[in-house]
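Here, each number is a calculation from the coordinates, and none is a lab measurement. These figures come from a predicted structure and were not determined experimentally. Here the Cβ positions follow ideal geometry from the backbone for every residue, glycine too, while neighbour counts run over all protein chains shown.
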Amino acid sequence: MKTIVTLFFAMSLLGCGTLPKAKDYSIPLHHFGTKAPQVNVDATDYVLQADDVLDVLYHFDTLSNELYLIEPHDKLNVMFLTASEYDNIHQVRPDGYISLPFVGDVKVAGISVDQAKSTIKQLYKPILKDPSFFVSLVEYQVHLKEIRASLDHPNMGQARLITVRQDQKISLPMIGDISIKDKSVSQLRDEANARYAKINKRMSIDVLLQKSHARQIFVFGEVNNPGGHRVSGSTSLFQAIAMAGGANHDAELSTVVALRKENNEMVAKVFNVKNALNGKGRALTAMLSPEDVIYVPRTRLSNTAQVMRNISDIMMFRGVGATLSYRIDDPTRFEDDNE
């Protein structure tokens with residue numbers, strides 16, 4: 001699979017019939033439709049759009065076996081074994097400190113209880129003769145529990161259904177707005193989790209695409225029903241070809257081109273759908289986004305120049321021409337997609 005970048009892409013395609021004809025073969029429609037073998041589809045390539053609905057599920061790690069480190073809002077019991085009048089329970093402040101008699105502020109967040117005990121003992125050596133302490137956690141993960149309680153919904157528990165706004169942003173509790181522009185579901189999840197980790201490293205989220213706003217995927221070239229086809233959710237490359245009536249007898253499925261708009265560019269990827277029919281290659285799990293364009297050629301596209309020439313011939317959208325440029329990792333040839 002190789003990547004070609006075109007600087008501008010217009011809005012509709014014309015068929016191209018001037019290329020040499022490869023050996024004819026027929027691919028039955030059921031290979032592309034609901035009767036095809038079920039596979040585990042990777043939806044992480046889907047690019048989020050306005051009006052998509054996301055299912056956001058919050059997770060809280062309250063049962064970790066790792067050594068517990070004191071956190072802000074935890075309650076720490078400090079007992080002076082030789083001066084009990086100073087015994088007290090201290091709540092760790094948001095800045096990670098507690099205040100102790102005679103020594104003032106002591107930072108305890110981020111260290112274990114034993115380390116806190118050693119730190120306190122060292123601070124009191126100049127003040128008390130042979131200082132001895134008992135230090136324990138009265139309440140721990142207080143902040144995490146407060147966050148969890150604040151996010152609890154009477155009907156949905158720790159989940160939220162969030163609709164992407166027209167400005168291509170979503171708003172999440174405690175971290176505010178996040179842009180979804182040009183992001184996949186996994187990229188959005190990773191960015192949100194990085195922000196949540198700054199609040200509390202024991203909380204995280206999963207993000208699922210619950211519903212995709214109905215848009216079109218365009219399929220052109222050697223298919224039985226070329227043009228735009230409405231989609232309402234994540235769509236695989238196989239499903240897109242099925243919606244276009246399947247590949248016709250002249251289709252060369254070893255170099256199917258999928259194009260996606262990214263900012264002001266169109267990025268093209270070449271998939272070996274022929275290998276995918278035998279259970280091989282990335283085309284088997286390739287996912288599309290609304291407004292993606294699929295081109296099924298008549299002859300195998302063996303190098304960059306051929307891909308560019310064929311795309312140039314068919315990329316006349318609503319009478320507007322396109323100016324093209326490209327980049328490619330291997331400028332000499334396309335390898336079969338057997339991965």
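3J(HN,Hα) couplings calculated from phi for the stretch 237-245 with the Karplus curve 6.51 cos²θ - 1.76 cosθ + 1.60 (θ = phi - 60°) are, in sequence order, 4, 4, 5, 4, 5, 5, 4, 8, x Hz; Gly and Pro show x. Every pair of different Cα atoms in the stretch 75-140 enters the Kirkwood calculation, which places the hydrodynamic radius at 11.9 Å. Here the translational diffusion coefficient of the stretch 107-166 follows from Stokes-Einstein with Rh set to the Kirkwood radius across Cα pairs; for 20 °C and 1.002 mPa s it amounts to 139 µm²/s.
Hey, could you get me the Stokes-Einstein D for the stretch 47-182, Kirkwood radius over alpha-carbon pairs, 4 °C and 1.567 mPa s, rounded to whole µm² s⁻¹? The partial results should precede the final answer.
On the way: Rh = 18.0 Å.
The Stokes-Einstein estimate is 72 µm²/s.
Take the alpha carbon gyration tensor of the stretch 151-237, find the square roots of its eigenvalues, order them as a ≥ b ≥ c, and report rounded if a/c is under 1.5; if not, report prolate when a/b exceeds b/c, else oblate.
Prolate shape, in that a/c is at least 1.5 and a/b is the bigger ratio.
Dividing the mean sequence gap of close Cα pairs (under 8 Å, 6+ apart) by how many residues the stretch 75-140 holds gives a relative contact order of 42 percent. When you count the other C-beta atoms within 10 angstrom of each residue and take the mean per peptide, 273-283, 192-202 line up highest first as 273-283, 192-202. Dividing the mean sequence gap of close Cα pairs (under 8 Å, 6+ apart) by how many residues the stretch 121-272 holds gives a relative contact order of 11 percent. Database remark: amide H of Phe133 closer than 5 angstrom to the amide H of Leu81 (H placed geometrically; neighbours at sequence offset of 5 or more, or on other chains; Pro and chain starts carry no H). Distance from the Cα centroid of the stretch 74-104 to that of the stretch 267-294 is 62 Å (rounded to whole angstrom). Protection proxy ranking of 150-156, 79-85, by the mean of other Cβ atoms within 10 Å over each peptide's residues and highest first, is 79-85, 150-156.
With 26 Å as the limit, write out which pairs from Lys169/Lys198; Lys75/Lys121; Lys121/Lys198; Lys183/Lys274; Lys125/Lys198 have Cα-Cα distances beyond it, or answer none. Mind dumping the intermediate values first?
Details: Lys169/Lys198 20 Å; Lys75/Lys121 19 Å; Lys121/Lys198 30 Å; Lys183/Lys274 29 Å; Lys125/Lys198 35 Å.
Violating the 26 Å Cα-Cα cut-off are Lys121/Lys198; Lys183/Lys274; Lys125/Lys198.
Placing dummy labels 7 Å off each Cα toward the beta-carbon, the span from Asn155 to Asp167 is 2.6 nm.
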